[in-house]
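Notes to accompany the following structure.
Just so you know, all these numbers are worked out from the coordinates, no wet-lab data involved. All values derive from a computational prediction rather than experimental measurement. With ideal geometry, Cβ positions are generated from the backbone for all residues, glycine too; neighbour counts draw on all protein chains shown.
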Amino acid sequence: MLAFIMFDPLYFIVLAPAMLLAFLAEMRVRSAYAKAGRIPASSRLSGAEVARRILKQNGLHDVEIEPSHGLLSDHYDPRKRVLRLSPDVYQGRSLASVGIAAHEAGHAIQHGVHYGPLALRNGLVPLASTGSSLAMIVFVIGMFLSAMPLGRTLMVLAILMFGTVVVFQLVNLPVEFNASRRAMVALTDSGIVGVDEVPTVRRVLNAAAMTYVAATLSAMLTLLYLVLRSGLLGGRRN
Ligand SMILES: [Zn+2]
């Protein structure tokens, strides 16, 4: 049923800028990670050790650090107060590992200081994940029934559901940028990262941030697509 949208030319036209940005972001992440991954950190600390130091500096003694499974599975779990780092980051002693570990520690600091946007983002997770999994299905059913009032109602409902995904992505942006900013401050203030290492670490974090910008643009344009395709703006449907 979703193939209906997948093969809609309008979908590709509207989403094209987001697809291009996502592709460029992916390339940048790969090249930044590859480069920084080959440069050993002068501190000789592993990602896990860097995270531990940063947490300590910020008085977060009760946050656990665990290895997680899979590439790029790094995240901070605010419910369990656990920082999970992928094997490469956890054990790695490269500038890439240091940067990513510090970024995740940045999220733990945000949680520790009750940074508003993080709480808002976490609160939006259930709503946005329901929205992203159901909106398209509801929309396609609505399209099939578009001759009836029920069809229009379902399409409006789907647009509202997907709207929660857009709101989530928009709130996520400042959270991610702020975590990276906190990471850079912690790394430089403590001297874990030297002045000559700063640009490399920053490049890794900026590249990662660009993927979030691409995800936000993609969500916004998907919403635009749904509005255009629904014909609710009064345009002719084809
Ligand atoms: Zn993050």
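General remarks:
- Positive minus negative residues near SER42 (Lys, Arg vs Asp, Glu; Cβ under 15 Å): +1
- Result for the chain in a Gaussian network model with C-alpha springs under 10 Å: among GLY163, GLY47, GLY70, the largest mean-square fluctuation is at GLY70.
- The modelled label-to-label distance for the pair MET148/ARG44, using points 7 Å beyond Cα in the direction of Cβ, is 7.3 nm.
- Given charges at beta-carbon only (K, R positive; D, E negative), |dipole| of the chain in Debye: 260
- Semi-axis lengths, Å, the range 98-143, gyration tensor of Cα atoms, sqrt of 5 times eigenvalues: 33, 13, 5
- Beta bridges per DSSP with both ends in the chain, % antiparallel, nearest 5: 50
- Under Stokes-Einstein, with the Kirkwood radius over Cα pairs as Rh, the value for the chain at 10 °C and 1.306 mPa s is 82 µm²/s.
- The chain: most fluctuating residue of SER218, SER180, SER132 per GNM, C-alpha cutoff 10 Å: SER132
- Net charge of neighbours whose Cβ lies under 14 Å from the Cβ of ARG30, counting Lys and Arg as +1 and Asp and Glu as -1: +2
- Other residues within the sphere of radius under 11 Å centred on the Cβ of ALA158, judged by their own Cβ, net out at +2 (K and R +1, D and E -1).
- Full-stretch length increase - VAL185, LEU224 - with 0.36 nm per residue and alpha-carbon distance subtracted: 10.3 nm
- Protection proxy ranking, peptides 25-31, 40-46, average beta carbon neighbours within 10 Å, highest first: 40-46, 25-31
- In this label model, LYS56 and ILE13 are separated by 6.0 nm, measuring between points 7 Å along each Cα→Cβ vector.
- C-alpha long axis of helix 198-230 to longest principal axis of the chain, angle in °: 10
- Amide proton proximity set for SER94, modelled H, under 5 Å, gap of 5+: ALA41
- Once you divide the Cα radius of gyration of the range 112-233 by 2.2 N^0.38 Å, the number left is 1.42.
- Degrees separating the helix 9-37 axis from the principal Cα axis of the chain, which is the longest one: 10
- Between ARG30 and SER132, the contour length at 0.36 nm per residue exceeds the alpha carbon distance by 34.1 nm.
- Placing a pseudo-label 7 Å from each Cα along the Cα-to-Cβ vector at PHE23 and ARG93 gives an inter-label distance of 4.0 nm.
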